[in-house]
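Colleague: Attaching a single structure in structure tokens format; questions to follow.
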């Protein structure tokens, strides 16, 4: 039955070649039948390696690519949705297509993703995967501890206030990034447009009725202080912390306003203190997360997977 539920991914990526190939290799390793990568900026090493792999499709979104589509959208979120929808509508070669980012890694526990998709009702149009967010390792190594949050807002708020006593009331679920997760969409549906967290058709947003409860979306949004700072200014201006992005109704501030206030009050030292309090795998934070069943340990071993699936890449 699982053979009839092949799955694949589409991602629009601007990243170093090694990160791109880590993303592809991990998902090939756990059973992806097809990986569609749209390079938002050319990465020659990854482009050649992906093009040579029989289960990968790579597209360079250069000037000629966007000229064929009229113009290059200014916002990267719009470029993502255009590319994902294009992949979905042009025979993606799978029964289910997921739309995720290069810093997100699916981690099935128990049955395979194909088996989980096969177990869904035949009329299921989409299936959501809930996120867990990486906590920075104290020793500076690769993150292996992840924090989760409850999908129901009221319970999430109560738990978050206990887990993060200083900032819990201001950060949705203790997450710096999305709590919505990402979706798989059954292919072959008419009029589908893929967005970042949902699918739309001519009637509006497609209501998701199913979660893949045995799979987590491991999100390396802020895996170290250095990595977070490299992306921080862009996210504040145009990315996931931008001023026009609204948060949960029960949270009294936006991420943009929160971070600007923290910096105004105490500069980089205050921002660093926030990061250590909310995003670092200290024993105290792990214990509080664990007491609520929200601590997850995942070792992805990305170097080994990259070597296995792309042995010619150096």
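Colleague: For segment 170-314, go through all pairs of different Cα atoms, get the mean of 1/r, take its inverse, and jot down that Kirkwood value in Å.
Modeller: Here the Kirkwood hydrodynamic radius works out to 18.4 Å.
Colleague: Please report 44, 213 as a ranked list, fewest other C-beta atoms within 10 angstrom at the top and most at the bottom.
Modeller: 44, 213
Colleague: Ok, one more. Stick to Cα atoms and the Kirkwood definition of Rh, then tell me Rg/Rh for segment 1-85.
Modeller: 1.00
Colleague: Grab the eigenvalues of the alpha-carbon gyration tensor for segment 233-295, scale each by 5, take roots, and send me the semi-axes largest first in whole angstrom.
Modeller: Each semi-axis is the square root of five times an eigenvalue, giving 24, 16, 10 Å.
Colleague: Here's a follow-up. Multiply the residue gap between residue 41 and residue 122 by 0.36 nm, knock off their C-alpha separation, and tell me the result in nm, one decimal place.
Modeller: 25.3 nm
Colleague: Quick one: check the C-alpha center-to-center distance for segment 172-215 versus segment 143-163, whole angstrom.
Modeller: 20 Å
Colleague: Here's something else I'd like to know. Percent of Cα-Cα pairs per 5 Å bin, from 0 to the last occupied bin, for segment 39-192, please list those.
Modeller: P(r) over segment 39-192, rounded to whole percents: 1, 7, 12, 15, 16, 17, 14, 10, 6, 2, 0.
Colleague: Take every DSSP beta bridge whose two residues both sit in the chain, then give the antiparallel share in percent to the nearest 5.
Modeller: That works out to approximately 50 percent antiparallel.
Colleague: Would you list the P(r) distribution for the chain, with all Cα-Cα distances sorted into 10 Å bins from 0 and each bin expressed as a whole %?
Modeller: 6, 26, 35, 25, 8, 0
Colleague: Right, next: Exposure proxy check: 183, 100, 262 ranked by fewest other beta carbons within 10 Å?
Modeller: 262, 100, 183
Colleague: Additional query: How are the C-alpha pair distances of segment 109-154 spread across 5 Å bins, as whole percents from the shortest bin up?
Modeller: Bin by bin from 0 Å, the calculated values are 5, 15, 16, 15, 18, 16, 8, 5, 2, 1.
Colleague: Sorted from fewest to most neighbouring beta carbons within 10 Å, what does the list 78, 282 look like?
Modeller: So the ranking, lowest neighbour count to highest, is 78, 282.
Read-outs throughout are calculated quantities, based only on the coordinates presented, and are distinct from any laboratory measurement. As the structure is a computational prediction, the values presented were derived from the model and not from experiment. When we count neighbours, we look across all protein chains shown, and the Cβ atoms used for this are built from the backbone with ideal geometry, even at glycine.
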